[in-house]
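Structure, as structure tokens:
The values are calculated or read from the model by the stated rules, or taken from the named source; none is laboratory data. The structure presented is a predicted model; accordingly, all values stated were derived computationally and were not measured. Heads up, the Cβs are rebuilt from the backbone with ideal geometry, glycines too, and the neighbour counts pull from every protein chain shown. Areas reflect the complete protein model, heavy atoms only, side chains present, ligands, DNA and RNA absent. Shrake-Rupley method; radii C 1.70, N 1.55, O 1.52, S 1.80 Å.
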Amino acid sequence: QELSDAQTGRYRGNFFADTRLRLKKAQIYRDMGQLDQALFELDDLLRLNPFEEPALRMRMEIALQKNNPGLTVIYAGDYQYYYPENIEGYRLMGDAFVMENKIGLAMVQYTRALQGDPTNPAYANALVSRAAVYANQGRDDLALVDLTQALGIQPNNNDFHWQRFQVA
């Protein structure tokens, strides 16, 4: 409420276009489970600055959280427009395609993500996403290769260790 008052009250001129304030407000709405309100704030923010990468990412994550893969694909397309060749954008689009059971399209997105910089932290997440598809297809050998490579990038990631253990 305080953030809304700051935006609309006598401080409107100072805060209305403050993208950091709007992003924080969207995060609060997301954390409170008010996902539609969070998306509204993010859409407003992106009208002010369409290059605001954290807002573009959060929109995709919220759409996935809402179990709306179609919306996630749209948002991922927006993200890729402003940040082409971005590993995280490809991975999230791939995850949305998996939710839609469009495995071929998902694998294309994961493969595109894995053409990026292997030192990027998002690279390991793309490997894990692809490994999950491989495991669901019964291609455990390929899943293990991806999970092992992901652990090489993030050796202290317990989730990756657990997933590799399950596949093995």
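General observations
- Some residue of segment 32-48 being among the polar types (S, T, N, Q), at pLDDT 90 or above and in contact with a Ser or Thr (Cβ under 7 Å, 6 or more places away or on another chain): no
- Taken together, the criteria exclude Asp117 from residues that are acidic (Asp, Glu) and open to solvent by less than 30 Å² (accessible area, probe 1.4 Å).
- Breaking point among (1) open to solvent by 60 Å² or more (accessible area, probe 1.4 Å); (2) touching a Leu at 6+ places or on another chain (Cβ under 6 Å), for Ala150: (1)
- Hits in segment 98-114 - residues which are part of a helix (DSSP H, G or I) and either surrounded by fewer than 23 Cβ atoms within 10 Å (Cβ to Cβ) or touching a residue at least 60 places away in the same chain (Cβ under 8 Å) (or both): Val98, Met99, Ile103, Gly104, Leu105, Met107, Val108, Thr111, Arg112
- Counted residues, segment 25-64 - those being under 14 Å from Tyr82 (Cβ atoms), among the acidic types (Asp, Glu) and either open to solvent by 40 Å² or more (accessible area, probe 1.4 Å) or touching a Gly at 6+ places or on another chain (Cβ under 7 Å) (or both): 1
- Condition check for Tyr81: hydroxyl-bearing (Ser, Thr, Tyr) and open to solvent by 20 Å² or more (accessible area, probe 1.4 Å): yes
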